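Have a look at the structure below before the remarks.
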Amino acid sequence: MYRISCNIKLKNEVEDIWKVISSPGNLNFFHPFCKKNKVIEVDRGLIKKDILIYLNGLVFERDFYQWEEMKGYELMIGKKNGKKSKVVWKIYKNKKRSLLSIDVYPYKTDKVNSFIYPIVFYLYIKPKLKSYLNSVLMGLKFYLYNDKKVIKNQFGKHRWFS
């Protein structure tokens, strides 16, 4: 299975990071390519499903299936009736700082032949998703450090989502 990972060191306490990333509609505050993040379903205070509308109008559903208090969560993301990619958000604590990582396990597209998919993944998909994840993480850091919402495309535009 293919994976893209990004992480960021934060001076914030785990509780502060958790509060932001687990709150309903959280992407509205720190995601630089988010036009709107709307919660669709909640169960016992935990998000079960939400919708992410990107700046370019693309709509993805996020289905959360595993929550671990103060540590992270796992979800599936993609178009409503399309293939979904697995995403894992994890918070780690070391002596001086906290670390937040996001791992994406993208679905394998049918548009690319299985033989050349590894080439397409490493030369195109991985760099694009890594750039995207880094922008999301920088947005979270900006929000946590400044208590201000990020602006649209704050860290540069993204071909897939802007």
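The values are calculated or read from the model by the stated rules, or taken from the named source; none is laboratory data. It should be emphasised that the depicted structure is a prediction, and the values quoted were computed from it without experimental measurement. We place every Cβ from the backbone using ideal geometry, glycine too, and count neighbours over all the protein chains shown. The area values use the complete protein model at the heavy-atom level, side chains included, leaving out ligands, DNA and RNA. Shrake-Rupley method; radii C 1.70, N 1.55, O 1.52, S 1.80 Å.
In Å², what does the accessible area per residue of the chain work out to with a 1.4 Å probe? Display every interim value, and only then the final one.
Working: 9410 Å² over 162 residues.
Per residue, the chain has 58 Å² of solvent-accessible surface.
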### Query
Under the rule of -39500 (n - 2.57) per DSSP H run of 4 or more residues, summed and divided by the residues of the chain, what mean residue ellipticity at 222 nm is obtained, to the nearest 500 deg cm²/dmol?
-6500 deg cm²/dmol
### Extension gain from Lys90 to Val14, taking 0.36 nm per residue of separation minus the Cα-Cα distance
26.3 nm
### Query
Under a GNM of the chain (C-alpha, springs under 10 Å), which listed residue has the highest mean-square fluctuation: Lys35, Lys152, Lys111?
Lys111
### Task
Under a 10 Å cutoff between Cα atoms, tell me which one of Phe60, Phe115, Phe142 has the largest fluctuation in the Gaussian network model of the chain.
Phe115
### Task
Please name whichever of Ile151, Pro118, Ser131 sits farthest to the positive end of the charge dipole of the stretch 79-159, dipole taken about the Cα centre and charges placed at Cβ: Lys and Arg +1, Asp and Glu -1.
Ile151
### Query
In whole Å, how far is the Cα centre of the stretch 1-56 from that of the stretch 129-148?
11 Å
### Message
Just to be sure I understand: with springs between alpha-carbon atoms less than 10 Å apart, which residue in Ile102, Ile116, Ile51 has the highest mean-square fluctuation in the Gaussian network model of the chain?
### Response
Ile116
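Let's test the formula: R0 of 25 Å, r as the Cβ-Cβ distance of Arg44 and Asn134. What FRET efficiency results, to the nearest 0.05?
0.15
Summarise the accessible area of the chain (1.4 Å probe, protein heavy atoms) by the percent that is carbon and sulfur. Before the final figure, lay out each step's value.
Details: 4990 of 9410 Å².
Carbon-and-sulfur percentage of accessible area, whole number: 53.
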